Amino acid sequence: MALVDYNSSSDDEKLQDGEDRYPNPTEHELLTSLVDSFRDQSRYGPEYERDLDVQSLLTSGLGSPLPLHISLSRPIGFSTATKDAFLTSIQTAISNSDIHHFPITFNGCDWASNYEGTRWFLALRVAKPLEDNLNKLLRVCNDTVQSHGQPPLYASARPPDPDTPAQNKLPPRPPSNSPSPQKDLSSSFHISIAWALTGPSKTSDTPKYPSAPEIEKLNSASTPIVASEIKAKIGNVVTSIPLSEEREGRRKGLFGG
């Protein structure tokens, strides 16, 4: 499942989304500049010991813009007999959560690896919303997937890459009215904008989140980035699950269209 904010009319097998999650031209330019800043040590030379072969997740090999997302689950699989039941469960859980639309801002960027350390992702770190809605959504999603025998996202101390398939399937857990433990996983939420086969060799073991003018400009845009719905992809079918609307009208979209 992925957090998005647009109406969707097309599928993407990996990113679980539709055509309306593309950054607008201004945002695309800012994010491209940020990705380019990690190439050839053009901006962060003192931070890293060698150049990286950075591949953008903003544009395809043919030059077409790619959509972006915040993951709320690992890639999970269901049999034909259970997928409809899961979809009904997650729709009901989101609807009953009373989680409203909320703005998305960023507080830095850094590299994070997948489970095996075979691929590294340049991630925009998502700031914690005022009402902690990302943690609330993750708890709802994790409770639901676990009740259907699937592993939760970010259950370990080391946040896994959500695009890496889970190695083991958990036994089904009966639905519970008790909420998940109130663990703050705000530092795990991110949007991947580039990848590399090797990680940066930092001169320090202390993680650093470089500040960047591109991030400041994204956060200060006159029209805020607002989360308004969840996308659940099962097989080739993408289902939009809206969050509760607030009284004030806001632009729909993880990035402006």
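The values are calculated or read from the model by the stated rules, or taken from the named source; none is laboratory data. This structure is a prediction, so every number in the text was calculated from the model and none was measured. Counting neighbours? That spans all protein chains shown, and the Cβs are built from the backbone with ideal geometry, glycine included.
Which numbered condition trips up residue 36, out of (1) surrounded by fewer than 18 Cβ atoms within 10 Å (Cβ to Cβ); (2) at pLDDT below 80? Against the list (1) surrounded by fewer than 18 Cβ atoms within 10 Å (Cβ to Cβ); (2) at pLDDT below 80, residue 36 comes up short only on (2).
So that you can scan it fast, the table gives a plain yes or no per residue for (1) surrounded by fewer than 16 Cβ atoms within 10 Å (Cβ to Cβ); (2) outside any helix (DSSP H, G or I); (3) touching a strand residue (DSSP E or B) at 6+ places or on another chain (Cβ under 7 Å):
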| residue | (1), (2), (3) |
| --- | --- |
| 74 | no, yes, no |
| 78 | no, yes, yes |
| 92 | yes, no, no |
| 121 | no, yes, yes |
| 125 | no, yes, yes |
| 128 | no, yes, no |
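If you take the residues in region 94-119 that are acidic (Asp, Glu) and either closer than 23 Å to residue 212 by Cβ or free of Cβ contacts under 8 Å to residues at least 60 places away in the same chain (or both), which one is surrounded by the most Cβ atoms within 10 Å (Cβ to Cβ)? If we take residues in region 94-119 being acidic (Asp, Glu) and either closer than 23 Å to residue 212 by Cβ or free of Cβ contacts under 8 Å to residues at least 60 places away in the same chain (or both), then 110 is surrounded by the most Cβ atoms within 10 Å (Cβ to Cβ). Here residue 195 clears all of (1) at pLDDT below 65; (2) under 22 Å from residue 121 (Cα atoms) except the condition numbered (1).
In region 182-211, the residues that are farther than 18 Å from residue 33 by Cβ and among the hydrophobic types (A, V, I, L, M, F, W, C) form Cβ pairs under 6 Å with partners that are at pLDDT 55 or above and part of a loop (DSSP other than H, G, I, E, B), at six or more places apart or across chains, as follows: 185/154. Test of understanding: among 136, 83, 128, which residue is basic (Lys, Arg), in contact (Cβ under 8 Å) with a residue 12 or more places away in the chain and closer than 30 Å to residue 25 by Cβ? Unique residue meeting the criteria: 128.
If I go through region 215-249 residue by residue, how many of them are closer than 17 Å to residue 24 by Cα, at pLDDT below 85 and out of contact with any strand residue (DSSP E or B) (no Cβ under 7 Å at 6 or more places or on another chain)? Number of matching residues: 4.
Out of curiosity, is residue 85 among the small types (Gly, Ala, Ser), at negative phi, crowded, with 18+ Cβ neighbours inside 10 Å and not in a loop (DSSP other than H, G, I, E, B)? Criteria not met by residue 85. The selection criterion, being more than 30 Å from residue 216 (Cβ to Cβ), at pLDDT below 85, part of a loop (DSSP other than H, G, I, E, B) and not small (Gly, Ala, Ser), does not hold for residue 152.
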